1. Could you count how many residues in the stretch 138-163 are more than 23 Å from Phe195 (Cβ to Cβ) and not in a strand (DSSP E or B)?
2. Got at least one residue in the stretch 109-126 being more than 14 Å from ligand 1 (Cβ to nearest atom), under 20 Å from Gly323 (Cα atoms) and touching a Gly at 6+ places or on another chain (Cβ under 9 Å)?
3. Check off (1) at pLDDT below 95; (2) open to solvent by less than 10 Å² (accessible area, probe 1.4 Å) for Leu105 and give me the number that stays unchecked.
4. Using the structure shown, decide if Asp123 is among the acidic types (Asp, Glu) and under 16 Å from Pro285 (Cβ atoms).
5. Look at the stretch 93-118 and say how many of its residues are more than 16 Å from ligand 2 (Cβ to nearest atom), in contact (Cβ under 8 Å) with a residue 40 or more places away in the chain and assigned to a helix (DSSP H, G or I).
6. Could you count how many residues in the stretch 170-190 are part of a helix (DSSP H, G or I), open to solvent by 50 Å² or more (accessible area, probe 1.4 Å) and modelled with pLDDT under 95?
7. Considering every residue within the stretch 142-154, establish whether at least one is under 26 Å from Gly39 (Cα atoms), open to solvent by 10 Å² or more (accessible area, probe 1.4 Å), of a type outside the set (Gly, Ala, Ser) and within 16 Å of ligand 2 (Cβ to nearest atom).
8. Contact list please: Cβ distance under 7 Å, first residue in the stretch 189-209 and more than 19 Å from Thr151 (Cβ to Cβ), second residue open to solvent by less than 60 Å² (accessible area, probe 1.4 Å) and of a type in the set (D, E, K, R), pairs at least six apart or on different chains.
Amino acid sequence: MILAIETSCDETCAAVMGLDGALRASVVASQSADHVAFGGVVPEIASRRHLELVDPTVRAALAEAGATLADVTRVAVTAGPGLIGALLVGVGYAKGLAWGRGLPLVAVDHLHGHVASLQLAEDPPAGPHLVLLASGGHTLLLDVDGPRIRTVARSQDDAAGEAFDKGARLLGLGYPGGPALAALAAGGDPQVHPFTTPLAGRDDLAFSFSGLKTALAMAVAADAAPPADLAAAYQEAIVRHLVERAALGLAATGRGTLGLVGGVAANARLRATLPGLPARVVAAPLALCGDNAAMIARAALELDPLEPAALLSLDAHARSPLG
Ligand code: KG4
Ligand code: ZN
């Protein structure tokens, strides 16, 4: 079975999966509480916490799977993109484990991991499909054909999750901001002070969120509407933008299936709106939208392990060729 490790941001994750794709265990040790006082992830704190948490998290995943290290035949790890110090903790741990036990090591791109989370849905996409990946670090449309992934659209500025986080901050909500803003928006009216959809009326295959953030900052400063109404209108504009760009991507690629993945894929309003598109919509399971190692294990099934000679020279990288 595969043991997968993911430490790209502020969650220490380990998962155990059979080589047949059956998920045996997925453990996520969140560090949110360590970063909340700073209003965002502090990279140095994240690295240090990963160092403390990675071994207990791996042990917890093995215990949950009813397995021991002796059952592990392959190790997988996120090698990038992400916070470099955080990634290095997982990469170093995985290299040591694989080398020490003579196991093959698979290096996984975090974005490929999010894409692979769709394969753990109840009714996964069968053939080529378009994926809307919306997370704290990326907003992408990816054309997926087996292991081949091509970037169709990316953000010109902020990511969708970053827009949620910055919006939450402007509204005086806590971190992480996405769920907090969504909760406030649930009691608001998006029509009281509506925001213009980013790139409205244009057919660019690109995303943009920074103008929307500025519009919210100005509305908050002017006390233009109650916070719940502003949150609802802001969320609505983000969702409209994501859905419009997904529609353009479907038309441009001719794909009939749209996958929804990444932390923002947990947003209830987005999940409720996307099925209006002319495509079969598959969303990642709620528990696997945010960062986790189950998706890294699933992606590793589609990849070849590193050559044994390359194992010890595997390095982490902050950026992805897909992003
Ligand atoms: O995929 P993820 O866990 O980490 C990255 O790879 O970036 O995504 C985290 C992002 C954060 O910006 C968080 O605010 C956002 O996903 N998020 C949400 C919701 N839950 C998490 N955004 C909107 N609505 C949510 N319910
Ligand atoms: Zn992620």
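1. So the answer is 2.
2. Checked the stretch 109-126: no residue is more than 14 Å from ligand 1 (Cβ to nearest atom), under 20 Å from Gly323 (Cα atoms) and touching a Gly at 6+ places or on another chain (Cβ under 9 Å).
3. Exception for Leu105: condition (1).
4. So Asp123 passes the test.
5. Count: 6.
6. Residues in the stretch 170-190 being part of a helix (DSSP H, G or I), open to solvent by 50 Å² or more (accessible area, probe 1.4 Å) and modelled with pLDDT under 95: 0 in total.
7. Scanning the stretch 142-154, I find at least one residue that is under 26 Å from Gly39 (Cα atoms), open to solvent by 10 Å² or more (accessible area, probe 1.4 Å), of a type outside the set (Gly, Ala, Ser) and within 16 Å of ligand 2 (Cβ to nearest atom), so the answer is yes.
8. So the pair list comes out as Asp189/Asp229; Pro190/Glu236; Val192/Asp229; His193/Asp229.
The values are calculated or read from the model by the stated rules, or taken from the named source; none is laboratory data. None of the values given here were measured: they were computed from a predicted structure. Heads up, the Cβs are rebuilt from the backbone with ideal geometry, glycines too, and the neighbour counts pull from every protein chain shown. Accessible surface areas use protein heavy atoms only, side chains included; no ligands, DNA or RNA. Shrake-Rupley method; radii C 1.70, N 1.55, O 1.52, S 1.80 Å.
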